[in-house]
Amino acid sequence: MERPPEPERVDQPGRVSARPLRGADLLVVAVGGAVGAVLRFLIDSAAPDALFPWPTLGINVAGAFALGALPALAVVRRSHRVAAALGPGVLGGFTTVSAWAGQVRDQAAGGHVGVAGTYLAVTLGAGLLAAAIGRRVAHRREPDGASR
Amino acid sequence: MTALLVAVGAAVGAPLRYVLARLDGGFPTGMLVVNAVGSGLFGLFAALSLDEATWALLGTGLCGGFTSFSSFAVQAVERSPRDATSYVVATTVASIGACAIGWWLGIAMD
(Lines give C-alpha, C1' and ligand atoms only; values in the text may rest on other atoms or scores of the structure.)
Protein backbone atom coordinates (compact mmCIF):
# COMPACT_ATOMS: atom_id res chain seq x y z
CA MET A 1 0.00 0.00 0.00
CA GLU A 2 1.47 3.34 -1.07
CA ARG A 3 1.58 6.13 1.44
CA PRO A 4 3.09 9.13 -0.30
CA PRO A 5 3.49 12.26 1.84
CA GLU A 6 0.34 14.34 1.29
CA PRO A 7 0.36 17.22 3.76
CA GLU A 8 -2.28 19.11 1.74
CA ARG A 9 -4.88 16.53 2.75
CA VAL A 10 -5.08 17.76 6.32
CA ASP A 11 -8.03 20.07 5.71
CA GLN A 12 -9.97 17.72 3.50
CA PRO A 13 -13.46 17.09 4.86
CA GLY A 14 -13.38 13.35 4.20
CA ARG A 15 -10.35 12.96 6.41
CA VAL A 16 -10.46 13.25 10.18
CA SER A 17 -7.14 11.93 11.43
CA ALA A 18 -5.18 15.17 11.36
CA ARG A 19 -5.73 16.03 15.02
CA PRO A 20 -5.26 14.22 18.32
CA LEU A 21 -8.43 12.49 19.49
CA ARG A 22 -10.38 14.58 22.01
CA GLY A 23 -13.41 13.64 24.11
CA ALA A 24 -15.26 16.80 23.10
CA ASP A 25 -14.86 15.87 19.42
CA LEU A 26 -16.40 12.45 20.09
CA LEU A 27 -19.29 14.12 21.91
CA VAL A 28 -20.12 16.54 19.08
CA VAL A 29 -19.83 13.71 16.53
CA ALA A 30 -22.24 11.61 18.66
CA VAL A 31 -24.78 14.44 18.93
CA GLY A 32 -24.43 15.36 15.25
CA GLY A 33 -24.69 11.71 14.22
CA ALA A 34 -27.89 11.31 16.26
CA VAL A 35 -29.42 14.40 14.60
CA GLY A 36 -28.48 13.20 11.11
CA ALA A 37 -29.78 9.66 11.70
CA VAL A 38 -33.12 10.92 13.05
CA LEU A 39 -33.48 13.16 9.97
CA ARG A 40 -32.82 10.13 7.76
CA PHE A 41 -35.37 8.10 9.76
CA LEU A 42 -38.04 10.83 9.43
CA ILE A 43 -37.52 11.15 5.66
CA ASP A 44 -37.65 7.35 5.26
CA SER A 45 -40.80 7.09 7.39
CA ALA A 46 -42.57 9.84 5.45
CA ALA A 47 -41.87 8.23 2.05
CA PRO A 48 -44.18 5.53 0.71
CA ASP A 49 -42.76 2.00 0.47
CA ALA A 50 -41.44 1.25 -3.02
CA LEU A 51 -39.09 -1.23 -4.67
CA PHE A 52 -36.71 1.58 -5.66
CA PRO A 53 -35.40 3.28 -2.48
CA TRP A 54 -35.66 6.92 -3.60
CA PRO A 55 -35.40 8.34 -0.06
CA THR A 56 -32.05 6.62 0.65
CA LEU A 57 -30.74 7.60 -2.80
CA GLY A 58 -31.71 11.24 -2.22
CA ILE A 59 -30.24 11.24 1.29
CA ASN A 60 -26.90 9.80 0.15
CA VAL A 61 -26.54 12.07 -2.89
CA ALA A 62 -27.54 15.22 -0.97
CA GLY A 63 -25.26 14.26 1.94
CA ALA A 64 -22.28 13.60 -0.38
CA PHE A 65 -22.72 17.04 -1.99
CA ALA A 66 -23.07 18.74 1.40
CA LEU A 67 -19.93 17.09 2.84
CA GLY A 68 -17.91 18.09 -0.21
CA ALA A 69 -19.21 21.65 -0.02
CA LEU A 70 -18.86 21.96 3.76
CA PRO A 71 -15.57 23.96 3.73
CA ALA A 72 -17.49 26.69 1.85
CA LEU A 73 -18.84 27.68 5.27
CA ALA A 74 -16.47 30.07 7.03
CA VAL A 75 -17.34 28.63 10.44
CA VAL A 76 -16.30 25.14 9.24
CA ARG A 77 -12.95 26.49 8.05
CA ARG A 78 -12.42 28.27 11.37
CA SER A 79 -13.47 25.58 13.83
CA HIS A 80 -12.39 21.96 13.70
CA ARG A 81 -15.11 21.12 16.22
CA VAL A 82 -17.93 22.60 14.11
CA ALA A 83 -16.48 20.74 11.11
CA ALA A 84 -16.55 17.47 13.11
CA ALA A 85 -20.12 18.09 14.34
CA LEU A 86 -21.45 18.77 10.83
CA GLY A 87 -19.25 16.44 8.72
CA PRO A 88 -18.60 13.08 10.45
CA GLY A 89 -21.46 13.99 12.79
CA VAL A 90 -24.65 15.20 11.06
CA LEU A 91 -23.79 14.20 7.47
CA GLY A 92 -22.10 10.96 8.55
CA GLY A 93 -25.19 9.92 10.51
CA PHE A 94 -27.56 11.18 7.80
CA THR A 95 -26.01 9.17 4.95
CA THR A 96 -25.62 5.40 5.10
CA VAL A 97 -23.79 2.62 3.30
CA SER A 98 -25.42 -0.17 5.34
CA ALA A 99 -28.99 0.59 4.19
CA TRP A 100 -27.75 0.93 0.59
CA ALA A 101 -26.02 -2.49 0.78
CA GLY A 102 -29.09 -3.98 2.48
CA GLN A 103 -31.43 -2.63 -0.20
CA VAL A 104 -29.25 -3.92 -3.05
CA ARG A 105 -29.12 -7.34 -1.36
CA ASP A 106 -32.89 -7.38 -0.83
CA GLN A 107 -33.58 -6.44 -4.45
CA ALA A 108 -31.17 -9.03 -5.86
CA ALA A 109 -32.39 -11.77 -3.47
CA GLY A 110 -35.98 -10.92 -4.45
CA GLY A 111 -35.17 -11.60 -8.11
CA HIS A 112 -35.05 -7.91 -9.09
CA VAL A 113 -31.46 -8.11 -10.29
CA GLY A 114 -31.92 -5.31 -12.82
CA VAL A 115 -33.31 -2.97 -10.18
CA ALA A 116 -30.45 -3.90 -7.82
CA GLY A 117 -27.83 -3.17 -10.47
CA THR A 118 -29.48 0.11 -11.45
CA TYR A 119 -29.84 1.26 -7.84
CA LEU A 120 -26.22 0.32 -7.07
CA ALA A 121 -24.89 2.16 -10.13
CA VAL A 122 -27.10 5.25 -9.79
CA THR A 123 -26.14 5.67 -6.11
CA LEU A 124 -22.42 5.43 -6.93
CA GLY A 125 -22.62 7.63 -10.05
CA ALA A 126 -24.81 10.35 -8.59
CA GLY A 127 -23.13 10.22 -5.16
CA LEU A 128 -19.58 10.57 -6.49
CA LEU A 129 -20.65 13.31 -8.93
CA ALA A 130 -22.40 15.18 -6.11
CA ALA A 131 -19.30 14.94 -3.89
CA ALA A 132 -17.10 16.24 -6.73
CA ILE A 133 -19.47 19.17 -7.43
CA GLY A 134 -19.62 19.94 -3.72
CA ARG A 135 -15.84 20.11 -3.56
CA ARG A 136 -15.77 22.41 -6.57
CA VAL A 137 -18.22 24.72 -4.80
CA ALA A 138 -16.07 24.74 -1.65
CA HIS A 139 -12.83 25.42 -3.53
CA ARG A 140 -14.28 27.95 -5.97
CA ARG A 141 -12.70 30.89 -4.19
CA GLU A 142 -9.23 29.36 -4.14
CA PRO A 143 -7.59 30.17 -7.46
CA ASP A 144 -4.81 27.60 -7.04
CA GLY A 145 -7.12 24.94 -5.64
CA ALA A 146 -4.59 24.39 -2.86
CA SER A 147 -5.28 23.80 0.82
CA ARG A 148 -5.95 26.65 3.16
CA MET B 1 -40.02 6.89 20.82
CA THR B 2 -38.71 5.09 17.73
CA ALA B 3 -36.84 8.24 16.69
CA LEU B 4 -35.20 8.36 20.13
CA LEU B 5 -33.88 4.81 19.69
CA VAL B 6 -32.50 5.76 16.27
CA ALA B 7 -30.74 8.71 17.92
CA VAL B 8 -29.24 6.53 20.67
CA GLY B 9 -27.96 3.95 18.16
CA ALA B 10 -26.39 6.63 15.96
CA ALA B 11 -24.88 8.40 18.99
CA VAL B 12 -22.87 5.20 19.54
CA GLY B 13 -22.20 4.38 15.87
CA ALA B 14 -21.04 7.82 14.69
CA PRO B 15 -18.22 8.35 17.25
CA LEU B 16 -17.10 4.73 16.73
CA ARG B 17 -16.78 5.51 13.02
CA TYR B 18 -14.93 8.73 13.83
CA VAL B 19 -12.33 6.80 15.86
CA LEU B 20 -11.88 4.02 13.26
CA ALA B 21 -11.68 6.50 10.36
CA ARG B 22 -8.49 7.82 11.98
CA LEU B 23 -6.78 4.67 10.71
CA ASP B 24 -7.12 6.10 7.20
CA GLY B 25 -3.76 6.71 5.58
CA GLY B 26 -3.07 7.29 1.90
CA PHE B 27 -5.85 4.79 1.30
CA PRO B 28 -9.06 5.07 3.41
CA THR B 29 -8.73 1.63 5.02
CA GLY B 30 -10.51 2.69 8.22
CA MET B 31 -13.68 3.85 6.44
CA LEU B 32 -13.60 0.77 4.19
CA VAL B 33 -13.61 -1.48 7.28
CA VAL B 34 -16.33 0.64 8.93
CA ASN B 35 -18.65 0.42 5.91
CA ALA B 36 -18.05 -3.31 5.42
CA VAL B 37 -18.52 -4.21 9.11
CA GLY B 38 -21.57 -1.93 9.44
CA SER B 39 -23.16 -3.45 6.33
CA GLY B 40 -22.44 -6.98 7.61
CA LEU B 41 -24.12 -6.21 10.93
CA PHE B 42 -27.03 -4.56 9.07
CA GLY B 43 -27.57 -7.78 7.08
CA LEU B 44 -27.35 -9.87 10.25
CA PHE B 45 -29.84 -7.69 12.16
CA ALA B 46 -32.19 -7.58 9.15
CA ALA B 47 -32.31 -11.39 9.01
CA LEU B 48 -33.12 -11.75 12.71
CA SER B 49 -36.80 -11.16 13.43
CA LEU B 50 -36.21 -8.02 15.49
CA ASP B 51 -39.13 -5.98 16.76
CA GLU B 52 -39.53 -2.43 15.48
CA ALA B 53 -37.81 -0.81 18.47
CA THR B 54 -34.75 -3.08 18.39
CA TRP B 55 -34.40 -2.60 14.64
CA ALA B 56 -34.58 1.19 15.06
CA LEU B 57 -31.80 1.03 17.66
CA LEU B 58 -29.47 -1.47 15.94
CA GLY B 59 -30.29 -1.24 12.20
CA THR B 60 -31.39 2.30 11.42
CA GLY B 61 -29.51 3.89 14.33
CA LEU B 62 -26.31 1.96 15.08
CA CYS B 63 -25.45 0.58 11.61
CA GLY B 64 -26.89 3.60 9.79
CA GLY B 65 -24.96 6.03 11.98
CA PHE B 66 -21.80 3.91 11.94
CA THR B 67 -21.55 3.63 8.14
CA SER B 68 -21.34 6.77 6.03
CA PHE B 69 -21.89 7.26 2.33
CA SER B 70 -20.93 10.95 2.39
CA SER B 71 -17.43 10.29 3.82
CA PHE B 72 -16.96 7.46 1.33
CA ALA B 73 -17.95 9.63 -1.66
CA VAL B 74 -15.83 12.62 -0.66
CA GLN B 75 -12.81 10.43 0.14
CA ALA B 76 -13.15 8.78 -3.28
CA VAL B 77 -13.20 12.05 -5.27
CA GLU B 78 -10.28 13.41 -3.22
CA ARG B 79 -8.01 10.63 -4.46
CA SER B 80 -6.18 9.86 -7.68
CA PRO B 81 -8.37 8.12 -10.30
CA ARG B 82 -6.53 4.85 -9.63
CA ASP B 83 -6.94 4.92 -5.84
CA ALA B 84 -10.52 6.18 -6.21
CA THR B 85 -11.42 3.26 -8.48
CA SER B 86 -9.90 0.71 -6.07
CA TYR B 87 -11.65 2.37 -3.11
CA VAL B 88 -15.08 2.49 -4.81
CA VAL B 89 -14.86 -1.12 -6.03
CA ALA B 90 -13.55 -2.37 -2.65
CA THR B 91 -16.26 -0.54 -0.68
CA THR B 92 -19.05 -1.74 -2.98
CA VAL B 93 -17.95 -5.38 -3.07
CA ALA B 94 -17.06 -5.56 0.65
CA SER B 95 -20.24 -3.81 1.86
CA ILE B 96 -22.71 -5.76 -0.26
CA GLY B 97 -20.76 -9.01 0.24
CA ALA B 98 -20.62 -8.52 4.03
CA CYS B 99 -24.33 -7.68 4.07
CA ALA B 100 -25.13 -10.92 2.20
CA ILE B 101 -22.93 -12.95 4.59
CA GLY B 102 -24.51 -11.22 7.60
CA TRP B 103 -27.98 -12.00 6.28
CA TRP B 104 -27.05 -15.63 5.71
CA LEU B 105 -25.63 -15.91 9.26
CA GLY B 106 -28.74 -14.27 10.65
CA ILE B 107 -31.05 -16.68 8.85
CA ALA B 108 -28.98 -19.60 10.18
CA MET B 109 -29.13 -18.19 13.74
CA ASP B 110 -32.78 -17.11 13.80
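Prolate is the label for segment B:21-100, because the ratio a/c of its alpha-carbon gyration tensor axes (a ≥ b ≥ c) is 1.5 or higher and a/b is greater than b/c. Rounded to whole Å, the principal axis extents of the Cα atoms in the protein assembly as shown read 53, 37, 34, largest first. Residues of segment B:50-74 whose accessible area (probe 1.4 Å, heavy atoms of protein chains only) drops by at least 20 Å² once all protein chains are present, relative to their chain alone: B:T60, B:G64, B:T67, B:F69, B:S70, B:S71, B:F72, B:A73, B:V74. The distance separating the Cα centre of segment A:61-104 from that of segment B:33-74 comes to 17 Å. Interface between chains A and B: roughly 4100 Å² of accessible area buried, both sides summed (probe 1.4 Å, protein heavy atoms only).
Dividing the mean sequence gap of close Cα pairs (under 8 Å, 6+ apart) by how many residues segment A:22-138 holds gives a relative contact order of 42 percent.
Solvent exposure of segment A:22-138, expressed per residue, is 41 Å² of accessible area, with all protein chains present and a 1.4 angstrom probe. Of the solvent-accessible surface of the protein assembly as shown, computed with a 1.4 Å probe and all protein chains present, 69% belongs to carbon and sulfur. Label separation (A:A74 vs B:V19): 3.7 nm, computed from points 7 Å beyond Cα along the C-beta direction.
For segment A:19-141, state the semi-axes of the equivalent ellipsoid (square roots of 5 times the eigenvalues of the alpha-carbon gyration tensor), sorted largest first and rounded to whole angstrom.
29, 17, 11
The values are calculated or read from the model by the stated rules, or taken from the named source; none is laboratory data. This structure is a prediction, so every number in the text was calculated from the model and none was measured. Glycine gets a Cβ as well: all are built from the backbone with ideal geometry, and neighbour counts include every protein chain shown. Areas reflect the complete protein model, heavy atoms only, side chains present, ligands, DNA and RNA absent. Shrake-Rupley method; radii C 1.70, N 1.55, O 1.52, S 1.80 Å.
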